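> If you scroll down you'll find the structure; I have some questions about it.
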Amino acid sequence: MPKKIPLIFPIVALLALSCCGPKKNAVVFSVGGAPHSLALWEQLIRDFEKESGIPVEVLRQPTDTDQRRQGLIVPLNAGKSNPDVFLMDVAWLGLFVASDWLEPLGSNVDQEPFFSRVLQMVDMHEGTLMALPVYMDAGLLYYRKDLLESFGLSGPPKTWNELLAYARTVQRKMRKTNPDFYGFVWQGAQYEGLICNFLEFAGSEGGFTNQENKILLDSTENRRALAFMHDLIWTHEVSPPSTYTEMKEEETRTFFQAGNVLFERNWPYAWALHQSPDSKVRGKIGVAPLPAPPDGESVSTLGGWHIGISKFSDIKPQALKLVQFVTSCETQKRLLLNLGLNPGRKDLYADPEVLDKVPHLAQLRDVFQNARPRPILPYYTQISEIAQPFINGVLAGKYEPKDALAAAQQEIAALLKRYVTE
């Protein structure tokens, strides 16, 4: 496999990086997000400069994840020295490591405060630490505590079949006064979030890989999971028909937040928004691990962002200081309390000050520790793009699960063959 993966990108991306030069001897830190997120990052960087005496230039990236990925690949593929430090979506790490774009972090980084399983599955390559988690994500089940109690249903469901039974019961009764009420909303539109949901439905028995970590979509377990996803919409009718056309994170969040749903699958970010003053579910919800398949275990897809140093940086010692600052207890606590970003450090999940302000965080520790990443492969993005239309097509009623997964498996096999022979 070649270390450099040639890619073609719009000229505008190159211009955006080259229109202004960095401060002299400054660590260039690439970070993206919404304006309020970037404002906090700017403040954190100013504090780092005061503490360390090391100048830093913040290279602002957009909110869109694909644009952020492209904005990093352009300079890294060209071997540019900037940016020196950057945040990476967990799904990019396979590509960045295989392309030899990351500088090993070495023995100067204390690994103990972090989730060991996450480091092993995502951040380590051949025994070498290549990145560190800054903040974590994993799929969660949000549920209406008030409705479960009102209809005599005990606690959140433990299995998908139990979720279905609860959803049908509550939906039937709620529709007497609210005809737009549904039992369960989740992400089924054709995009990366669909793959994350599919991995969770497939659970411990399936997903994208088998026990040898080889790509395996066409399996009995995966067919069963995909059929269940289809049936939630069309047979059981507890998920809206718009699931496969428009349901992404924000669409499911707003649907649930309007008071029209019993269960919602979403990421941890939705908690704070559900508790906002204008939310119709404020104070009425709980959060739990996702249900498990029969005789299986709960599986959440691991998300989040990790920090690394460019192999081409010409100020690596200063860059490492910035990495240590960003992953420090104090910085990660500020990111949590100000932006709601769940820390990559496990020690903060038992911090009394944190739990006083964010009590549900204690429930997330085990979810994050046991979360499962998407395949850490340099060509994962291509694999996902192959699978998405087939899985979405089943939800739309265009394909049978066995035909869709077999066709996707065949196309993925052809892709893998190209990579092996190159």
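> Mind telling me which of the residues 394, 323 ends up being over 30 Å from residue 229 (Cα atoms) and either surrounded by fewer than 18 Cβ atoms within 10 Å (Cβ to Cβ) or not acidic (Asp, Glu) (or both)?
That would be 323, the only listed residue that is over 30 Å from residue 229 (Cα atoms) and either surrounded by fewer than 18 Cβ atoms within 10 Å (Cβ to Cβ) or not acidic (Asp, Glu) (or both).
> Can you tell which of 315, 307 is within 17 Å of the chain's Cα centre (by Cα), more than 19 Å from residue 262 (Cα to Cα) and β-branched (Val, Ile, Thr)?
307
Per-residue answers, yes or no, for (1) under 22 Å from residue 197 (Cα atoms); (2) free of Cβ contacts under 8 Å to residues at least 40 places away in the same chain; (3) more than 23 Å from the chain's Cα centre (by Cα):
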residue	(1), (2), (3)
121	yes, no, no
125	no, yes, no
129	no, yes, no
132	no, no, no
142	yes, no, no
153	no, yes, yes
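> Within segment 28-62, restricting attention to residues that are touching a Pro at 6+ places or on another chain (Cβ under 9 Å) and at pLDDT below 95, which residue is farthest from residue 324 (Cα to Cα)?
It comes out as 33.
> Test residue 99 against the criterion of being out of contact with any strand residue (DSSP E or B) (no Cβ under 9 Å at 6 or more places or on another chain) and modelled with pLDDT of 95 or more, and give yes or no.
For residue 99, the condition - out of contact with any strand residue (DSSP E or B) (no Cβ under 9 Å at 6 or more places or on another chain) and modelled with pLDDT of 95 or more - is met.
> Which ones in segment 45-68 are buried (at least 17 other Cβ atoms within 10 Å of the Cβ) and closer than 16 Å to residue 86 by Cβ?
Across segment 45-68, the qualifying residues are 45, 48, 56, 57, 58, 59, 61, 68.
> Does any residue of segment 382-396 turn out to be modelled with pLDDT of 95 or more and in a loop (DSSP other than H, G, I, E, B)?
yes
> Does residue 255 satisfy the criteria of being under 23 Å from residue 146 (Cβ atoms) and either at pLDDT 95 or above or among the β-branched types (Val, Ile, Thr) (or both)?
Against the criterion (under 23 Å from residue 146 (Cβ atoms) and either at pLDDT 95 or above or among the β-branched types (Val, Ile, Thr) (or both)), residue 255 qualifies.
> Could you tell me how many of the residues in segment 34-63 are out of contact with any Asp or Glu (no Cβ under 7 Å at 6 or more places or on another chain) and either outside the structural domain of residue 339 (by TED's automatic domain parsing) or within 19 Å of residue 74 (Cα to Cα) (or both)?
Residues that pass the stated criteria total 6.
The values are calculated or read from the model by the stated rules, or taken from the named source; none is laboratory data. Here the structure is a predicted model, which is why all the values come from computation and not from measurement. Neighbour counts run over all protein chains shown; Cβ positions are idealised from the backbone, glycine included.
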